[in-house]
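Beneath this line is the structure, given in structure tokens, with notes to follow.
The values are calculated or read from the model by the stated rules, or taken from the named source; none is laboratory data. Worth saying up front: this structure is predicted, and the values here are computed from it rather than measured. Positions of Cβ are generated from backbone atoms using ideal geometry, with glycine treated the same way; all protein chains shown enter the neighbour counts. Ligands, DNA and RNA are stripped out before the accessible areas are found, and what is left, the full protein with its side chains, is counted by its heavy atoms. Shrake-Rupley method; radii C 1.70, N 1.55, O 1.52, S 1.80 Å.
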Amino acid sequence: MSAHPVWTVESVRRALTEKKISARELTDEFFRRIGNRNPELNAYLALSPERAYAQADRIDRQIARGAPLPLLAGVPVAIKDVISTAGIVTTCGSRILQNYLPPYDATAVTRLEQAGAILLGKTNCDEFAMGSSNENSAYGPVRNPVAPDRVPGGSSGGSAAAVAAGLAVIALGTDTGGSIRQPGALCGIPALMPTYGRVSRYGLIAFASSLDRIGPFGHTVADVATALAVLAGEDPNDSTCAKTPVPDYTAELNTPVQKMRLGIPKEYLGAGIDPAVRQRVEEAIQQLEKLGCTIVNISLPHTDYAIATYYLVATAEASSNLARYDGVRFGFRAPGETLTEMYRRTRGQGFGPEVKRRIMLGTYALSAGYYEAYYLRAQKVRSLIARDFAEAFRQVDLIVTPTSPVPAFRLGERTSDPLQMYLSDIYTVTGSLAGIPGISVPCGTTPEGLPVGLQILGPHFEEARVLRLAHAFEQAGGFAG
Ligand code: GLN
């Protein structure tokens with residue numbers, strides 16, 4: 001992976017307070033790393049050195065004054081390019097927003113910077129976060145730092161690759177159907193999808209509003225927990241953001257996990273799973289048992305319907321959200337003789353094939369006569385899937401599954417078959433539809449050295465419990481493979 005030392009939130013803090021390095025020097029080091037590695041990986045689409053150095057100097061002045069340092073002081077971060085950053089080009093991986101400069105920052109970005117983080121730049125992703133391999137970006141695919149002939153996963157592939165390659169300490173991704181957890185698994189790093197409503201979506205450019213969530217990638221579970229502590233909490237600018245109090249996510253990390261009851265859903269280790277992935281996950285489960293957890297076999301009976309349900313709900317919402325890109329208000333415009341022609345050309349040239357496919361699917365599912373048969377029915381099945389989880393969480397504290405049925409695949413291997421690509425999301429879309437939190441933690445590698453991820457799902461707003469188990473597993477060397 002990276003020949004450089006792995007910086008974590010903790011080691012950055014220590015090095016800064018012991019004056020082993022200044023925030024400016026650390027920022028230099030990260031831009032140097034990006035300069036070396038990004039031409040190959042294509043993880044960053046834009047860099048923001050001015051903003052990064054201004055913040056670094058602010059932190060260095062605080063250190064010189066001996067002022068108390070905020071939680072993420074001097075920590076270099078990367079932001080997925082679907083999250084708005086004032087004055088920094090935000091493309092959503094799409095041609096239609098190629099020159100778009102947001103007029104304001106997303107709340108998540110504001111919170112990271114208020115906590116002292118240094119914003120390095122914006123990361124590549126599948127166009128409008130639609131994809132599982134980062135191959136749907138208008139700006140070219142991202143390469144997996146562990147195996148550069150392979151995909152990093154998607155849609156937050158640039159964020160996952162940036163952290164895995166040591167080009168950021170923390171990165172923000174978004175997860176609508178697996179886009180944080182799956183690239184985390186494929187790149188071998190912890191990746192957290194918080195509960196729907198735990199982190200403000202203000203300034204997140206919408207894909208499917210009832211599913212979209214912002215969450216962090218990091219090198220360690222503790223880093224992810226610290227990032228969540230900074231990101232979580234109510235926001236007057238997002239009415240769907242919960243007022244639920246934010247616990248101290250790092251305080252409980254070391255509480256023993258003995259006697260935790262862990263559910264293993266039988267539907268998640270069946271047909272279609274790669275044998276090496278299955279083996280690593282089964283070993284991980286044994287390891288959790290050794291840590292004193294009780295393993296309980298459970299069933300989530302509506303799992304089979306999850307992919308179909310997700311691809312109806314997500315495309316319906318996407319078709320409505322993406323109607324705003326008309327060449328008038330944002331980004332790219334292809335001129336035409338008439339207004340309609342301008343719209344048609346702008347959207348025809350501005351959107352890539354996967355986005356068009358989703359807009360058409362979603363428009364169909366919402367159209368008169370089909371709404372009841374498709375969209376409304378999908379909403380009902382969504383409730384059944386959520387109920388499966390609610391019932392399971394009466395018996396168990398957490399649910400443990402593989403994150404992805406397969407490890408990182410080769411670039412181009414799945415692009416010709418959208419259905420095959422959609423099946424990458426089979427273990428992640430259920431938690432998305434249910435609104436619950438989930439993390440992917442590394443659990444070893446395949447014989448070829450490709451990372452495997454273990455998914456831990458918890459009840460709504462129980463991120464602390466999810467993080468605690470993930471941390472215990474990490475500490476036990478669960479990822480050593
Ligand atoms: N791969 C899924 C999709 O293409 C999930 C994407 C996401 O979570 N943003 O819709």
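Here are the numbers for this structure:
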item: Contact order normalised by residue count of the stretch 155-306, Cα under 8 Å, 6+ apart, percent; result: 18
item: Stretch in the chain that is longest and holds no trypsin sites (Lys or Arg not before Pro) that DSSP places in a loop and that have at most 14 other beta carbons within 10 Å; result: 21-242
item: Options Met342, Ser94, Ala208, ranked by Cα towards positive dipole end of the chain, top entry (Cβ charges); result: Met342
item: Anisotropy class of the stretch 151-260 from Cα gyration tensor, a/c 1.5 cut; result: oblate
item: Portion, in percent, of the accessible area of the stretch 227-267 that falls on carbon or sulfur, probe 1.4 Å; result: 50
item: Local net charge near Ile88, Cβ-Cβ under 15 Å (Lys/Arg +1, Asp/Glu -1); result: -1
item: Residue list for the stretch 43-81, given a label point 7 angstrom along the Cα-to-Cβ vector of Lys20 and an amide N cut-off under 17 Å; result: 73-76
item: Alpha carbon centroid spacing (whole Å) that separates the stretch 132-154 from the stretch 187-226; result: 19
item: Apportionment of accessible area to carbon and sulfur, the stretch 1-123, percent (1.4 Å); result: 52
item: Given charges at beta-carbon only (K, R positive; D, E negative), |dipole| of the chain in Debye; result: 420
item: Cα-based convex hull volume of the chain per residue, rounded to whole Å³; result: 136
item: 10 Å Cβ shell holding at most 11 others, DSSP loop, GluC sites (Glu not before Pro): longest site-free stretch of the chain; result: 19-336
item: Rounded accessible area per residue of the chain, 1.4 Å, Å²; result: 37
item: DSSP bridge pairs, the chain: antiparallel proportion in percent, nearest 5; result: 65
item: In nm, spacing of pseudo-spin labels at Asp248 and Arg344 (7 Å Cα→C-beta vector); result: 6.3
item: Anchor Lys20: aspartates and glutamates whose Cα lies under 15 Å away (excluding residues fewer than 8 positions away in-chain); result: Glu10, Asp28, Glu29, Asp60
item: Overall form of the stretch 1-117 per C-alpha gyration tensor (a/c, 1.5; a/b vs b/c); result: oblate
item: Cut-off 13 Å between beta-carbons: net charge of the residues surrounding Gly352, Lys and Arg +1, Asp and Glu -1; result: +1
item: Cβ-based charge dipole, the chain, positive-most Cα from Val151, Leu192, Ala106; result: Ala106
item: Signed unit charges on C-beta, dipole axis of the chain, positive-most listed residue Ala464, Gly435, Leu228; result: Leu228
item: For the stretch 366-481: rounded, prolate or oblate by the Cα gyration tensor [a/c cutoff 1.5]; result: oblate
